[in-house]
Amino acid sequence: MGSMISNQHSAKLFVASLPFDRRLYRQDIACSVAHVRMLARQGIITDKEAELIVMGLGAIREELDKGTFPFRPEMEDIHMAIEARLTERLGPVAGKLHTGRSRNDLVATDTRLYVKDAATQTVTAIHDLQSALLDVAQANLDVAIPGYTHLQRAQPVLFAHHMLAYFEMLHRDCARFRAAGAEADVMPLGSGALAGVTYPLDREFLAQELGFSRISDNSLDAVSDRDFLVSYLAAAATCMMHLSRLSEELVLWSSAEFAFISLGEEYTTGSSIMPQKRNPDMAELARGKTGRVYGHLMGLLATMKGLPLAYNRDMQEDKEGVFDTVDTLQATLGVFSGMVRSIRVNREATARAAADSMLLATDVADYLVGKGLPFRQAHGVVAQVVRHAQSQGKALNELSVEELQRFSTLFAPDVTTITLEAALAARRGHGGTAPRRVREALAEARKRLEACRG
Ligand code: ARG
């Protein structure tokens, strides 16, 4: 007997979404208020009934805001919980609320309202981080670092150029979140359980009341579509991928091996055993959290795969991953804005690294090209020069002109004009790292950010 009760209990718990979908209460009540007003306008219920229900919903929203709403575990979801509470307060008239409506079109509408909001908030948080990147770029405009490919020193770049690369990634992220918000901006309410409803609803009015730009065109699709969540999660996964790449660089750069930067105290933690350590935990956690955001995207895609039309209860599984994604992303972006602003560049270390004359090998090849040698041959000559220098334990700029001339007679005294500054300045095409270009790009980025913030 005891075990039967507990089995029934766990079955109830199993279907319940109230523990997490209570987060949709504002959206749910907004939908109900709009719906009831519309029902009265259409003469489906009386004005008096509508007024009672709207007042009741207002009181319930207050209870929820204040945290005095009596949540009962036997309530399945937030939609049922609110309706049950309305019935407690108003009696049978509360039963008119659900006329011409289903939880299927309701939950789809609630979720869309939620994602529209979340997308806007995410974009704002990204803008903050972009502005932090521009500030740290601006403050270090004179700093050069080695640029890497394969994590091997390649060619010099400006530190600001590197920061601006992340600005670009985040700029694309904003566009993706805006697109996800726009995709969510279609109202399913009025689709009923799946086939449409038998009442003369005014869906356009509903959309207007709820701030939707348009209404859905097919009732079956409207209640089964979770593409807008996939789009939000995909945008989130991509954005986290970007933050994770930045994390990795911050971890590397703040190591003793690179020592290019230090992060603000509050963005590092001490070791419990090694007193000298400052660990970049925030960056590592951001990198780590990327995995679970990817997981939520894969989770939803897997949940939706193979579902017949229209609504299936499987789809209740859409919410926790989305909520966790919104929270994780918001928290990560917030921490990153502060952490990026806390970056202090160690100018000694960056100058030492950027002074590595091997970074100029490409420029030496370009020098020979300037003297008429085809690039492939020039590349071969400089490869030999580099090997020679390495065998002598010398830097590239420590080789004499005579030494260089052993590899090509095209080398002349003007080879000393190949310097870090010259190498940077020479990359002056659009998108290059020439200081002049980077200053322009920085100003341009500020303008773009302002325009986006509107
Ligand atoms: N809690 C459900 C969900 O989140 C609401 C819709 C329930 N509809 C149903 N026919 N059982 O998906």
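The values are calculated or read from the model by the stated rules, or taken from the named source; none is laboratory data. Note that the coordinates shown come from a computational prediction; the quantities given were computed from them, not determined experimentally. As a convention, Cβ positions derive from the backbone with ideal geometry for all residues, glycine included, and neighbour counts pool all protein chains shown. For accessibility, only protein heavy atoms count, side chains too; no ligands or nucleic acids. Shrake-Rupley method; radii C 1.70, N 1.55, O 1.52, S 1.80 Å.
What to note about this one:
- Tilt relative to the chain, helix 78-90 - C-alpha long axis, 0 to 90 degrees, to 10: 40
- Only beta bridges with both residues in the chain are counted; by DSSP, about 85 percent of them are antiparallel.
- Interchain or long-range residues, amide H under 5 Å from Ile215's placed H: Met187
- For segment 272-370: accessible area per residue (Å², 1.4 Å): 49
- Centroid-to-centroid separation of segment 389-454 and segment 106-158 [C-alpha atoms, Å]: 26
- Per-residue SASA remark: Lys66, around 150 Å² accessible (1.4 Å probe; ligands, DNA and RNA not included).
- Sequence-distant residues sharing a close amide H with Val143 (under 5 Å, placed H): Phe159, Ala160
- Per-residue ellipticity at 222 nm computed for the chain from its helices equals -21000 deg cm²/dmol, with DSSP H segments shorter than 4 residues left out and the rest contributing -39,500 (n - 2.57).
- In the context of the full set of protein chains, residues of segment 101-243 present 36 Å² of accessible surface per residue (probe radius 1.4 Å, heavy atoms only).
- Taking the protein heavy atoms of segment 18-85 in the context of the full set of protein chains, the accessible area attributed to carbon and sulfur is 51 percent at 1.4 Å.
- Computed over protein heavy atoms with a 1.4 Å probe, the carbon and sulfur contribution to the accessible area of segment 272-362 reaches 58%.
- Gyration tensor verdict on the chain (Cα atoms; rounded if a/c is under 1.5, prolate if a/b is larger than b/c, oblate otherwise): prolate
- GluC sites (Glu not before Pro) within segment 234-327: DSSP coil, no more than 12 neighbouring Cβ in 10 Å: Glu257
- Degrees, to the nearest 10: 25-41 long Cα axis against longest axis of the chain: 50
- About its Cα centre, the dipole of segment 298-377 is roughly 380 debye, where the only charges are +1 on Lys and Arg Cβ and -1 on Asp and Glu Cβ.
- Between helix 103-139 and the chain: long-axis angle, C-alpha atoms, 0 to 90°, nearest 10: 20
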